[in-house]
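Report on the structure given below.
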Amino acid sequence: MHTKTIAELSRMLAAGETSSEELTRHYLERIRAHADLNAFITVTEEEALAEARRADALRRKGEAGPLAGIPIAQKDIFCTDGVKTTCASKMLENFISPYDATVVERMKRAGMVMLGKTNMDEFAMGSSNETSYFGPVKNPWDKTRVPGGSSGGSSAAMAARLAAATTGTDTGGSIRQPAALTNTTGLKPTYGRVSRYGMIAFASSLDQAGTITATAEDAAMLLNVIAGFDERDSTSVDKPVPDYTATLNDDIAGLVIGVPKEFFDDGLDPRVAECVREALKVYERLGAKIVDVSLPNLGLSVPTYYVVAPAECSSNLSRFDGVRFGYRCENPTSLEDLYKRSRGEGFGAEVKRRIMTGTYVLSAGYYDAYYLKAQKTRELIKEDFCRAFEKVDVLMGPTTPTAAFGIGEKTDDPITMYLNDIYVNGVNLAGMPGMSIPMGFIDGLPVGLQIIGNYFEEAKMLNFAHRYQRETDWHTKLPKGFE
Amino acid sequence: MEWEVVIGLEIHAQLATKSKIFSGASTAYGALPNTQACLVDLGYPGVLPVLNREAVRMAAKFGLAIGAEVARRSVFARKNYFYPDLPKGYQISQYELPVVAGGSIEIELEDGATKVIGITRAHLEEDAGKSLHEDFHGMTGIDLNRAGTPLLEIVSEPDMRSAKEAVAYMKKIHTLVRYLEICDGNMQEGSFRCDANVSVRPKGQKEFGTRTELKNLNSFRFVERAINYEIERQIELIEAGGKVVQETRLYDPEKNETRSLRAKEEANDYRYFPDPDLLPLEIDDSFLEEVKKTLPELPDAKKHRFMESYGLSAYDASVLTGSRAMGDYYESVVRTLGDEHAKLAANWVMGELSGALNKDGKEITETPISAAQLAGLLARIIDNTISGKIAKDVFEAMWAGEGDADAIIEKKGLKQITDTGAIEKIVDEVIAENPGQVEQYRAGKEALLGYFVGQVMKKTQGKANPGQVNQLLKQKLG
């Protein structure tokens, strides 16, 4: 049952071939069986079964929508009413949210069943899921390796089919990179397409909610539910939401794929480059035109990202002060002691590193040299992308320079870790939508093809992804022991 | 040495919106602690601010009223610092691009001259909560009801040269924001408060002296006293060979002194940067046109109109336009009586009515005597039903809620005696009863006329028409 896509499960539920309760029990069973992956922080077994029964009852009354009863897992960055929402931090270890994030609320309204909350890098800061207070997540393809990050719990859970679909957030590649490293389909919509309300903020101008699924078709079905204007998020965009499933099978003959030459730099594993070339051949067979393009300022994206994101995070995380919620140190002797120890003890090393970096770049005397300059380079990067889209329909390239690296391999060297996101950071800075889809294996480890769309052209991007998945079977491959 | 004082004010006016600037929680004053703070005000994880359009409308209204530029595009920024009553660890304010820039307002000086005070900018921001240090032994209580209340911070140019000018400016802004109905002006509740930047320099010197910032000034009296104290302190310090240190000082009204709160070096680095949760605030022409339509007649315009239409002195006009409600009240009385009685109306509104209001600590909006009722009373003076003196008694009865003027006059039998025959009879009685005084009067002591009038009034309980009494007495005695 777990090898089925949402689209297939939806048909089975509609036809009465299974029930939501049966499906939910099946996934809960798998979550228990594969607990060693550490993909979940919280499993909401009872609530899930109750929701499943509700969905089944609705279906019997003929009131169920296409996604009603489908069991999913939420990244633990989304606030869930009455359920622990930890952001994988000691700071929020016991925080029970009093409200639902918009993404959660919309999925609930569609009747979807939440199995639990997935592990992640602490406050979404990391590329390997190793900064989680609840320990690293293992990659189902090789348990000695990372599943990527920050949505590593979601990508591992999806790769191991512990849920029919999962959610993620992508601030600098945190959906696409883990999807690439786990042979799953990751979708980061345009900034503003999906509400950020109730998603614990890391870097507000970059954060975007999305999904990690088995297929592009599943991603389209979920995007139909979560996309759209939310008056509670001023940066969400009031633009009509198309039916993303309606154009999945559109002909792509004659459409133009731009391949940025900057993606093929020295850091790229030549075997990954080979996979990209093979994938492009598939598109050529479908009649798409491949052209070379250049994003001359792409090299600035990692340094720009590591000024903008920490600056915003240093301010966003100020609310975790031990006063109203979250971790508070034992026996504070003064206000300053309360602040210093609550934050010093409650946050992990990577979070503290970014808060300090961010505080520094916003400080008087450094603001112009760092923060303001980063805003300017961000504008240059964005202009590069916009110029490229004057001539192409989508951009394609590798999602990551290499396949999954080993747990512990890069933890001592943050710069090397940051460079793993070199191909994905720029898309966040530009605010454009991006995907990663399975495109092959290197020594048994999956790698991903990145597809980047123009603003609000998720439908076109999904169309490209789906047409590729009709021609290939990479996305159907499951890790050994999880079939 | 002769010193010149330089003062600039930063006024915080709480905008009279129903809900907070970035959330839907109520702004009503006086609720139980933390009952009017929603998840947004509490800075919960994941919540986001949404700008209250009404606050923007009010800021734009103020900008238009002071002839300032209302920015087509302004930006909200985060001011970062840690404090328990600041839930997010930053205050959302405006920094580089405020919504209002470059206006001015005219104040009147004591000698009757006027002076223009420049207003550098006015920006929107959220208020913090309150820290309550007194009620909890060894601990601090936090009340976040005020957190997120919209404020308009109005920053003046350093154009004021004395504490009196500073107070005149603050009062002028206070009148204006109430006219515009964008702030209730309640200083006790902290809806209108200010910080003052004060420095001194030798007269004739161009450069400013080092300034200090005085905090916690929540009454006109404190503003004047704090600034005067600070001026004296600075001059004494410099004359004794010392130097003024740039610092923030707190005014203590009980001791009437200012004391150092923190030096410039200890000041926070607020790390301002544009708030990524809020889009830049864009204001277009149609929005401004709409706001313009809601602008009332402004205090200065109303004052000049009162002087011209009603022949009032500058002082009277100024008092009667002190608030929009006062001006409306006065005009309502005049409208009933006719313009020719504008002066009578002014005397009564400024005299009896204001006196009674002051005595009871009431605002004009809380007056127990409506404008129509007061006009009803004055109409009886005009048609000679009662004298001005009796009218004061009637006014008192009206104030006590005994009814309209006519009913009180009727009930108490206060109607003036205008029947010549009746008055004549009493005049004759008085003359007959006071032969000695009559003799003296006739011998040339004309000042005694007042005595006879008094006697007649006594006999009529003040109801005789004073004009007729005078006339008859003169006739009979003469």
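Quick note: the coordinates plus some simple rules give every number you see, no bench work behind them. All figures in this text were calculated on a predicted structure; none of them were measured in a lab. Please note: Cβ atoms are built from the backbone with ideal geometry, for glycine as well, and neighbour counts cover all protein chains shown.
How charged is the neighbourhood of residue A:163? Take every other residue with its Cβ under 14 Å from the Cβ of residue A:163, and add Lys/Arg as +1 and Asp/Glu as -1. If you can, show how the numbers build up before the last one.
On the way: positive: A:4, A:25, A:30, A:32, A:75, A:117, A:161; negative: A:29, A:45, A:51, A:76, A:218.
Residues near residue A:163 contribute +2 overall.
Which of rounded, prolate, oblate describes chain B, given a ≥ b ≥ c as roots of the alpha-carbon gyration tensor eigenvalues and a/c under 1.5 marking rounded, otherwise prolate only if a/b is larger than b/c? Working shown, then result.
Working: a/c = 2.62, a/b = 2.07, b/c = 1.26.
In terms of gyration-tensor shape, prolate.
Would you tally the net charge around residue B:232, using a Cβ to Cβ cut-off of less than 14 Å, leaving residue B:232 out, and scoring K and R as +1, D and E as -1?
Numbers: positive: B:225, B:233, B:249; negative: B:224, B:230, B:236, B:239, B:257.
My count for the surroundings of residue B:232 gives -2.
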Exercise for the section: For the protein assembly as shown, build the charge dipole from Cβ charges (+1 Lys, Arg; -1 Asp, Glu) around the Cα centre, then report which of A:293, A:316, A:237 sits farthest towards its positive end. Expected result: A:237
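For peptide B:47-59, compute the average count of partner chain beta-carbon atoms within 10 Å of each residue's beta-carbon. Can you show the working numbers first?
Numbers: counts 10, 14, 3, 6, 1, 0, 0, 0, 0, 0, 0, 0, 0.
Per-residue shielding by partner chains comes out at 3.
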Exercise for the section: Report the semi-axes of the equivalent ellipsoid for segment B:299-412 in whole Å, largest first, where each axis is √(5λ) for an eigenvalue λ of the Cα gyration tensor. Expected result: 24, 16, 10
Problem - Restricting segment B:293-394 to trypsin sites (Lys or Arg not before Pro) in coil, as DSSP defines it, with at most 16 other Cβ within 10 Å - result: B:362
Handout entry: 15 Å tail of the calculated P(r), segment B:29-95, as % of Cα pairs
Key = 67 percent
Problem - Amide H contacts of residue A:392 (H built 1.01 Å from N, under 5 Å, at least 5 apart or other chain) - result: none
Exercise for the section: State the Cα centre-to-centre distance between segment A:361-438 and segment B:182-213 in whole Å. Expected result: 47 Å
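Taking Cα atoms of segment A:298-359, Rg/Rh with Kirkwood Rh, to two decimals?
Expressed as Rg/Rh, it is 1.10.
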Problem - Per DSSP, loop GluC sites (Glu not before Pro) in segment B:370-478 with at most 12 further Cβ within 10 Å - result: none
Fill in the blank from the handout: Expressed as a whole number, the average count of other chain Cβ atoms within 10 Å around the Cβ atoms of B:267-276 is 6
Exercise for the section: Considering Cα pairs under 8 angstrom that are at least six residues apart, work out the relative contact order of chain B and quote it in whole percent. Expected result: 14 percent
Practice task
Per residue of segment A:238-252, in order, report the coupling 6.51 cos²θ - 1.76 cosθ + 1.60 (Karplus, θ = phi - 60°) as ³J(HN,Hα) in whole Hz, putting x for Gly and Pro.
Solution key: 8, 9, x, 9, x, 7, 5, 7, 5, 10, 4, 9, 4, 5, 10
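Hey, got the dipole for chain A? About the Cα centre, +1 on K and R Cβ, -1 on D and E Cβ, debye to the nearest 20? Intermediate results must be reported in sequence, preceding the final value.
Numbers: 54 positive and 63 negative charges, 72 e Å.
Value, rounded to 20: 340 debye.
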Practice task
Can you list which of the GluC sites (Glu not before Pro) found in segment A:361-450 are DSSP loop residues with at most 16 other C-beta atoms within 10 Å?
Solution key: A:390, A:409
Problem - Calculated from backbone phi, Karplus (6.51, -1.76, 1.60) coupling profile of segment B:235-241 in Hz, x at Gly/Pro - result: 4, 4, 4, 5, 5, 8, x
Fill in the blank from the handout: If each K or R counts +1 and each D or E counts -1, the residues other than residue B:93 whose Cβ falls under 13 Å of its Cβ total -2
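Could you estimate the translational diffusion coefficient of chain A from the Stokes-Einstein equation, with Rh from the Kirkwood formula over C-alpha pairs, at 37 °C and 0.692 mPa s, in whole µm²/s?
Numbers: Rh = 22.1 Å.
It diffuses with D of about 148 µm²/s by this estimate.
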Problem - Relative contact order computed over segment B:420-477 (Cα-Cα under 8 Å; 6+ residues apart), in percent - result: 44 percent
Exercise for the section: Run the numbers on chain A and let me know its relative contact order in percent, using alpha-carbon pairs under 8 Å that are six or more apart. Expected result: 18 percent
Practice task
Determine by what factor the alpha-carbon radius of gyration of segment A:360-483 differs from 2.2 N^0.38 Å, reporting the quotient.
Solution key: 1.31
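Between residue B:243 and residue B:164, what FRET efficiency follows from the Cβ-Cβ distance if R0 is 30 Å, with the result rounded to 0.05?
Numbers: r = 27 Å, r/R0 = 0.90.
Between residue B:243 and residue B:164 the formula returns 0.65.
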Practice task
Please average, across the residues of A:310-319, the number of beta carbons from any other chain that are within 10 Å of each residue's own beta carbon, and give a whole number.
Solution key: 5
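Please report, in debye to the nearest 20, how large the charge dipole of the protein assembly as shown is about its Cα centre when each Lys and Arg carries +1 at its beta carbon and each Asp and Glu carries -1 there. Working shown, then result.
Values: 113 positive and 136 negative charges, 100 e Å.
The calculation lands at about 480 debye.
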Exercise for the section: Specify the inter-centroid distance of segment B:250-304 and segment A:121-191, based on alpha-carbon positions, in whole Å. Expected result: 46 Å
Exercise for the section: Would you compute, from DSSP H runs of 4+ residues alone, the mean residue ellipticity of chain A at 222 nm, taking -39500 (n - 2.57) per run and dividing by the full residue count, rounded to the nearest 500? Expected result: -11000 deg cm²/dmol
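When the expected Rg is taken as 2.2 N^0.38 Å, what fraction or multiple of it is the alpha-carbon Rg of the protein assembly as shown?
Values: Rg = 38.3 Å, N = 961, 2.2 N^0.38 = 29.9 Å.
Ratio of Cα Rg to 2.2 N^0.38 Å: 1.28.
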Problem - Using alpha carbons only: equivalent-ellipsoid semi-axes of segment B:420-477, gyration tensor based, whole Å - result: 18, 11, 10
